[in-house]
Amino acid sequence: MRTTNDPNTLETTLADGRRMTLSLPATGSGWAADGLAALRPVRPTHTGRGAEPPALPERPALPLEVALLGFAL
């Protein structure tokens with residue numbers, strides 16, 4: 001990672017060559033008082049994608065009358 005001339009901006013190059021810029025606006029929040037100086041690189045804990053979730057079951061669409069009943073409660 002490298003810091004730009006702006007102390008609130010951080011630039012890095014990802015493993016695939018893409019560049020990413022992170023910038024934080026000025027804030028009075030105590031948890032963000034250190035700005036980007038408080039950030040540190042963290043190695044990824046996962047690579048790739050996990051298993052795909054199961055597909056939703058096919059259901060027929062509700063008739064309009066049934067859908068409108070929900071507004072009457």
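The values are calculated or read from the model by the stated rules, or taken from the named source; none is laboratory data. Keep in mind the model is a prediction, meaning the values are calculated, not measured. Neighbour counts are summed over all protein chains in view; Cβ atoms, including those assigned to glycine, are modelled from backbone coordinates with ideal geometry.
Observations
- Selection from the stretch 23-52 of residues that are in a loop (DSSP other than H, G, I, E, B), surrounded by 10 or more Cβ atoms within 10 Å (Cβ to Cβ) and modelled with pLDDT of 70 or more: Leu24, Thr27, Leu39
- Close contacts from the stretch 6-21, counting a first residue that is within 17 Å of Arg43 (Cβ to Cβ) and among the polar types (S, T, N, Q) and a second that is at pLDDT 85 or above and assigned to a strand (DSSP E or B), with Cβ to Cβ under 8 Å and a gap of 6+ residues or different chains, come to Thr12/Arg19; Thr12/Met20; Thr13/Arg19; Thr13/Met20.
- Check on Met20, modelled with pLDDT of 85 or more and surrounded by 10 or more Cβ atoms within 10 Å (Cβ to Cβ): yes
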